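The values are calculated or read from the model by the stated rules, or taken from the named source; none is laboratory data. Computed from a predicted structure; not experimentally measured. Glycine also receives a Cβ, built like all others from the backbone with ideal geometry; neighbour counts cover every protein chain displayed. Heads up: the accessible areas ignore ligands, DNA and RNA and are worked out on the full protein's heavy atoms, side chains in. Shrake-Rupley method; radii C 1.70, N 1.55, O 1.52, S 1.80 Å.
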Amino acid sequence: MTKTALITGVAGQDGAYLAHLLLQKGYKVVGGIRRSSNSTHGRLAELGIERDIQIIDFDLSDLPNIWRTISEVQPDEVYNLAAQSFVKTSWAQPLYTADVDAIGVTRMLEAIRTVNPKARFYQASTSEMFGLVQEIPQREVTPFYPRSPYGVAKLYGHWITVNYRESFDMFACSGILFNHESPLRGLDFVTRKISLHLSRVKTGEIECLELGNLEAKRDWGFAGDYVEGMWMMLQQPNPSDYVLATGDANSISYFVEEVGRALDMDIVWDGTGLQQRGIDRKTGKVVVRVNEAYYRPAEVDLLLGDATKAKEKLGWTPKVKVNELAQMMAKADYDRVKSGRVLF
Ligand code: NAP
Ligand code: G4F
């Protein structure tokens with residue numbers, strides 16, 4: 001029998017890749033999108049699936065809307081991907097972030113518990129919960145220490161998912177995912193900012209890319225690999241929580257160098273802190289500068305995950321390495337910039 005999946009935040013990076021994967025697996029996919037005055041279907045269109053999924057009006061801050069959605073869709077699986085997902089914005093909008101990323105998860109769980117308790121639930125948790133890391137690498141049992149209102153809100157979402165599983169015997173899983181990127185990544189996030197802006201530097205559209213802290217390290221994987229892990233979690237005999245990560249951490253400056261290499265630049269560094277500059281040795285031009293405006297009130301210096309549990313229990317392994325990811329994103333953005341295509 002055809003399974004029905006409800007994906008909240010289907011218009012986002014992960015939502016689009018997950019919808020694509022589930023359609024390939026024969027699911028009926030219903031996707032929740034919050035209303036906007038602009039079109040939000042760009043990623044779904046890019047993957048050619050805009051017309052293959054049923055789109056519904058959905059907002060995590062609106063309990064009656066969630067209730068009706070679960071009632072009408074009667075999903076077999078629910079993937080809660082919707083969130084205010086940009087860490088920096090969470091300092092500007094801490095209450096909104098908490099309402100959506102923390103309480104929103106309880107709204108989802110309450111609606112499922114009362115209306116359709118057999119539905120399997122995936123919560124999009126995050127390595128940001130490790131924040132000021134207490135152990136290297138980070139595993140499912142590593143103590144949490146979030147460093148942003150986003151991380152704090154997501155930690156609530158994680159624990160309420162665990163709590164509903166233990167209290168009400170629900171099939172609820174929390175996926176603790178490390179950073180995953182792609183050509184469909186939002187423009188605010190650092191990898192996409194680098195691939196887009198260096199492409200513009202390359203074509204002469206802008207002179208230079210401005211970034212914040214170049215020293216932070218992240219464990220970057222490819223979003224297409226990670227959505228497969230989400231699906232695998234909901235196919236197990238028992239619900240549990242899993243870290244998904246590559247086990248390889250690199251700095252922001254490393255990602256700049258790799259994207260530069262893919263664009264036939266040779267970026268080297270001089271200076272430190274706010275004076276640090278990236279220079280393309282091939283042209284002698286300054287192509288990267290540091291701007292304090294992109295610093296955060298509290299930084300997460302290093303995230304490095306250990307996905308042994310996911311490898312052993314789910315059979316999940318990430319396929320794309322960070323340098324391949326940088327190349328993939330550089331190529332996609334360079335082609336977009338050259339052809340003047342819409343950027344989401
Ligand atoms: P994304 O591209 O920002 O997608 C998030 C989606 O949620 C967007 O479509 C957004 O809609 C929607 N949304 C925001 N507020 C909402 C609300 N109040 N009601 C309904 N929808 C709302 O993020 P992503 O990278 O795909 O990440 C998916 C999920 O995984 C998020 O929960 C994120 O926090 C989490 N996560 C991501 C990563 C990562 O590295 N990508 C790692 C760990 C966890 P608009 O388009 O209208 O803004
Ligand atoms: O790309 P970022 O904005 O991602 P961040 O903060 O790690 O969060 C992402 O990954 C989390 C998983 O760990 C998700 F839960 C979350 O939803 C999101 O997807 O920033 C990465 C690093 C930070 O240390 C930041 O300070 O890059 C540094 N950075 C330096 N310059 C910059 C910039 N980040 C951004 N966005 N823009 C800059 O100009």
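Quick notes
- Residues in the stretch 147-157 that are buried (at least 22 other Cβ atoms within 10 Å of the Cβ) and part of a helix (DSSP H, G or I): Pro149, Tyr150, Gly151, Ala153, Lys154, Gly157.
- Helices (runs of 4 or more DSSP H) wholly inside the stretch 65-146 that include at least 3 residues being more than 15 Å from ligand 1 (Cβ to nearest atom): 104-115
- Selection within the stretch 67-92: residues that are aliphatic (A, V, I, L, M) and in contact (Cβ under 8 Å) with a residue 60 or more places away in the chain. The member of this set that is farthest from Ile103 (Cα to Cα) is Val73.
- Looking only at residues of the stretch 117-142 that are within 22 Å of Glu312 (Cβ to Cβ) and away from ligand 2 (no atom under 16 Å from the Cβ), we find that the one that is surrounded by the fewest Cβ atoms within 10 Å (Cβ to Cβ) is Val141.
- Subset of the stretch 302-342 [farther than 30 Å from Met265 by Cβ and in a helix (DSSP H, G or I)]: Thr308, Lys309, Ala310, Lys311, Glu312, Lys313, Leu314
- Residue within the stretch 167-177 that is more than 20 Å from Asp306 (Cβ to Cβ) and either open to solvent by less than 20 Å² (accessible area, probe 1.4 Å) or within 13 Å of ligand 2 (Cβ to nearest atom) (or both) present: yes
- Conditions (1) over 13 Å from the mean Cα position of the chain (by Cα); (2) within 10 Å of ligand 1 (Cβ to nearest atom); number of the one not met by Asp188: (1)
- Cβ separations smaller than 7 Å between residues 6+ apart or across chains give the following pairs from the stretch 149-165 residues that are farther than 16 Å from Pro239 by Cα to residues that are open to solvent by 30 Å² or more (accessible area, probe 1.4 Å) and in a helix (DSSP H, G or I): Pro149/Trp91; Pro149/Pro94; Pro149/Ala98; Ala153/Ala98.
- Per-region count, the stretch 85-116, residues within 16 Å of ligand 2 (Cβ to nearest atom), closer than 22 Å to Trp231 by Cα and of a type outside the set (A, V, I, L, M): 3
Residue-by-condition table, conditions (1) under 28 Å from Thr191 (Cα atoms); (2) more than 16 Å from ligand 2 (Cβ to nearest atom):
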site: Gly9; (1), (2): yes, no
site: Ala19; (1), (2): yes, yes
site: Gly26; (1), (2): no, yes
site: Gly42; (1), (2): yes, yes
site: Ala45; (1), (2): yes, yes
site: Gly48; (1), (2): yes, yes
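- Looking across the stretch 193-226, not a single residue is open to solvent by less than 10 Å² (accessible area, probe 1.4 Å), away from ligand 2 (no atom under 14 Å from the Cβ) and either part of a loop (DSSP other than H, G, I, E, B) or closer than 19 Å to Phe86 by Cα (or both).
- Strands (runs of 3 or more DSSP E) (entirely within the stretch 1-61) containing at least 2 residues that are surrounded by fewer than 16 Cβ atoms within 10 Å (Cβ to Cβ): 54-57
- Condition met for Ala262 (farther than 24 Å from Val300 by Cβ and among the aliphatic types (A, V, I, L, M)): yes
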